[in-house]
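Participant: One structure is given below, represented as structure tokens, and several questions about it will come after.
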Amino acid sequence: MILHELEAVLADDIEGDIVEFGCYSGTTSLFLKRLLANTRKQLHVYDSFAGLPTKTDADLSPAGEQFKAGELSISKTQFITNFKKAGLPLPTIHKAWFSDLTPADLPEKIAFAFLDGDFYESIWQSLALAWPRLVPGATVIIDDYQSETLPGARKAVDAWLKLHPAPYRHQASLAIVHLGRP
């Protein structure tokens, strides 16, 4: 679904670059980069490479007790190694907690954003950073929207879209927001 939505952005020649918040080991990043191979669009990835942050009350769920601060940690070196093994050029890598990023860390124009921050604050922060730079026709996909184990993702998306109305749908575990497209 993520690649299908990115293909639509590319087919419609939507202006701007691609951002991924929460890249972990780079599995999705590798697919995104392959799809961008014959384009001039740049891929920017954002991750702390220190694992998950601390949960807030919005993230608490009896089904998601396994997600604790520091889990899902991988080094930036391992992320780079995964790209080298795949024979792909590196994306622009931003190593930081989302809360430490500023608008200057993002491309001026964003055509496609994939947000996989897992928790309420991470999703909210990535939306706050990317939203002002999204161009007409851009697509935003948020992972874990329907995840019982990560309820903060849905809460953040719902709260954000209440303040910034935009058409969206959910499919599988994803929320898909289209700005200026059906």
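Each value in this text was obtained by applying a stated rule to the coordinates, not by laboratory testing. On a predicted model such as this, the values are computed, not experimentally measured, just so you know. FYI the Cβ positions are ideal-geometry reconstructions off the backbone, even for glycines, and counts take in every protein chain you see.
Participant: Hey, got a sec? Which trypsin sites (Lys or Arg not before Pro) in segment 1-80 land in a DSSP loop and have at most 13 other Cβ atoms within 10 Å? Spell out each step's value before the answer.
Facilitator: Numbers: sites: K33, R34, R40, K41, K55, K68, K76; in loops: R40, K41, K55, K68.
Counting only loop positions with at most 13 other Cβ atoms within 10 Å, the trypsin sites (Lys or Arg not before Pro) in segment 1-80 are R40, K68.
Participant: Right, next: From the mean inverse distance of alpha carbon pairs (Kirkwood) and the Cα radius of gyration, derive Rg over Rh for segment 10-75. Walk me through the intermediate numbers first.
Facilitator: On the way: Rg = 15.7 Å, Rh = 14.1 Å.
Computed over Cα atoms, the ratio is 1.11.
Participant: Right, next: Once you've got the Cα coordinates, tell me which of K85/K109; K55/K155; K41/K162; K55/K109; K109/K155 are over 20 Å apart.
Facilitator: Working: K85/K109 30 Å; K55/K155 13 Å; K41/K162 30 Å; K55/K109 31 Å; K109/K155 26 Å.
Checking Cα-Cα distances, K85/K109; K41/K162; K55/K109; K109/K155 exceed 20 Å.
Participant: If amide H atoms are built 1.01 Å from N in the plane of the peptide, which residues on other chains or at least 5 residues away come under 5 Å of the amide H of Q171?
Facilitator: Under 5 Å from the amide H of Q171: I176.
Participant: Per Stokes-Einstein, at 4 °C and 1.567 mPa s, what whole-number D in µm² s⁻¹ belongs to segment 2-178, with the Kirkwood radius over Cα pairs as the hydrodynamic radius?
Facilitator: Working: Rh = 16.3 Å.
My calculation gives 80 µm²/s for D.
Participant: Counting DSSP beta bridges in segment 2-178, what percent are antiparallel, to the nearest 5? Don't jump to the answer; show the numbers that get you there.
Facilitator: On the way: 8 of 26 bridges.
For segment 2-178, the DSSP antiparallel bridge percentage is about 30.
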